[in-house]
1. From MET68, MET1, which residue is closer than 18 Å to ALA124 by Cα, modelled with pLDDT under 95, out of contact with any helix residue (DSSP H, G or I) (no Cβ under 9 Å at 6 or more places or on another chain) and not small (Gly, Ala, Ser)?
2. If you scan the range 65-82, which residues turn out to be over 22 Å from LEU107 (Cα atoms), open to solvent by 30 Å² or more (accessible area, probe 1.4 Å) and either under 15 Å from the mean Cα position of the chain (by Cα) or β-branched (Val, Ile, Thr) (or both)?
3. Could you tell me whether GLU127 is surrounded by fewer than 15 Cβ atoms within 10 Å (Cβ to Cβ), touching a residue at least 60 places away in the same chain (Cβ under 8 Å) and not β-branched (Val, Ile, Thr)?
4. Based on this model, can you work out whether VAL36 counts as free of Cβ contacts under 8 Å to residues at least 40 places away in the same chain and either of a type outside the set (Val, Ile, Thr) or closer than 18 Å to PHE109 by Cβ (or both)?
5. Checking the condition touching a residue at least 60 places away in the same chain (Cβ under 8 Å) and part of a loop (DSSP other than H, G, I, E, B), which residue from PRO145, PRO170, PRO81 passes?
6. Considering every residue within the range 49-64, establish whether at least one is out of contact with any strand residue (DSSP E or B) (no Cβ under 6 Å at 6 or more places or on another chain) and surrounded by 16 or more Cβ atoms within 10 Å (Cβ to Cβ).
7. Within the range 97-115, track down each residue that is more than 14 Å from ASP26 (Cα to Cα) and open to solvent by less than 50 Å² (accessible area, probe 1.4 Å).
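The values are calculated or read from the model by the stated rules, or taken from the named source; none is laboratory data. Please read these numbers as outputs of a predicted model, since none were measured by experiment. All Cβ positions, glycine included, derive from the backbone under ideal geometry; neighbour counts span all protein chains shown. Accessible surface areas use protein heavy atoms only, side chains included; no ligands, DNA or RNA. Shrake-Rupley method; radii C 1.70, N 1.55, O 1.52, S 1.80 Å.
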Amino acid sequence: MPVDLTGTCLTLEDGRTAVRFERTYDHPVERVWRFVTDADELVHWFPSRAEIELRPGGTVAFSGDPHMPPSTGRVVHVDPPRALCFDWGGDELCFDLAEAGDGRTRLVFTDVLGQADAAARNGAGWEVCLAALDALARGERPAGPHSGTGVHWKEYYDAYIAAGVPSGAPIPDLDA
């Protein structure tokens, strides 16, 4: 069964490759901000537990991802409750929130890639993660992106490759 891809692969003005996703949630900006900054919310959808020091230059501690060892990142930009960018494993993750009317919020999530050939791999991973965020926003309590529920990552990965999105980056647990 084909999957619907919600990410767009693009080349930024500075030449870097990124994968961008947009979502609209039936929650005010402040609530969606907690989804993307609070460790107890992130654990339900983000690939790692992320403890974020919400200040420019603040530390982001990542743990609990079965495919990666614990690591740290750095907050590149923060403007609560509208924008957050931090680095993670060579990528820069940016969350931009805007009011969408009627108490709704538009989230634009951009993964600025450290390697262009990671676009299909990361795009597929974010599809799974953002599906868990979508469930959380609907009031469900997803077990997290590594729980194995929902559409499998490989289906998204194959669809991104078929769409011509750059690929070839190593895949944890498959390219061991």
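1. Matching residue, one of MET68, MET1: MET68.
2. So in the range 65-82, the residues over 22 Å from LEU107 (Cα atoms) come out as 65-72.
Among the residues that remain, those that are also open to solvent by 30 Å² or more (accessible area, probe 1.4 Å) are: 66-72.
If the condition is that a residue be over 22 Å from LEU107 (Cα atoms), open to solvent by 30 Å² or more (accessible area, probe 1.4 Å) and either under 15 Å from the mean Cα position of the chain (by Cα) or β-branched (Val, Ile, Thr) (or both), then THR72 is the only one that fits.
3. Against the criterion (surrounded by fewer than 15 Cβ atoms within 10 Å (Cβ to Cβ), touching a residue at least 60 places away in the same chain (Cβ under 8 Å) and not β-branched (Val, Ile, Thr)), GLU127 does not qualify.
4. Values: free of Cβ contacts under 8 Å to residues at least 40 places away in the same chain: no; either of a type outside the set (Val, Ile, Thr) or closer than 18 Å to PHE109 by Cβ (or both): yes.
No, not satisfied.
5. Numbers: PRO170 fails: touching a residue at least 60 places away in the same chain (Cβ under 8 Å); PRO81 fails: touching a residue at least 60 places away in the same chain (Cβ under 8 Å).
Sole residue among the options that is touching a residue at least 60 places away in the same chain (Cβ under 8 Å) and part of a loop (DSSP other than H, G, I, E, B): PRO145.
6. No, that holds for no residue.
7. Selection gives VAL108, PHE109, THR110, ASP111, VAL112, LEU113.
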